[in-house]
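This report refers to the structure that appears directly beneath it.
The values are calculated or read from the model by the stated rules, or taken from the named source; none is laboratory data. None of these values were measured; they are calculated from a predicted model. Cβ sites come from the backbone with ideal geometry, for glycine too, and all protein chains shown count toward neighbours. Keep in mind that these areas ignore ligands, DNA and RNA; they rest on the heavy atoms of the full protein, side chains included. Shrake-Rupley method; radii C 1.70, N 1.55, O 1.52, S 1.80 Å.
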Amino acid sequence: MLLALNPFIDSQEEGSKEQEALKLAQAALLYIRDSAKEAEFARYYTQFSDTSFTVEVSQDFESRAEADQWLASGKARDSERVRIAGKGYMVVEAQGRLLFMVAPLPEELKTDEAE
């Protein structure tokens, strides 16, 4: 991997942010090698690239009005995941109040090609 980055580094303008970012990536790989952390990094990368995760949905609402009523009730918690009319959302605290943020659930992210 170290050598694979060289053509990309060389193709960037000298001193550019892109070239510096690629050099930093190369240095990070050298650090992993020189620290004898290859096995540890391999385990980390396996976990990092695993997309077979699940998301716990705490509430399932038929409509946005129903969800908004629940949110106003004070029962919602920051980072809580909910489903509203089949779509994923996350409760987030912003400027001292709780809001819904669009946060697709894993099943929403599947493409026809993957199925």
For segment 18-42, how many residues meet the condition of being more than 19 Å from L3 (Cα to Cα) and surrounded by fewer than 10 Cβ atoms within 10 Å (Cβ to Cβ)? 1
Is it the case that some residue within segment 10-17 is open to solvent by less than 90 Å² (accessible area, probe 1.4 Å), without any contact (Cβ under 8 Å) to a residue 60 or more places away in the chain and under 30 Å from P106 (Cα atoms)? no
Subset tally (residues that are acidic (D, E) and at pLDDT below 90) for segment 37-50: 1
Identify, from the list E66, E80, the residue that is farther than 30 Å from L2 by Cβ and touching a Ser or Thr at 6+ places or on another chain (Cβ under 8 Å). E80
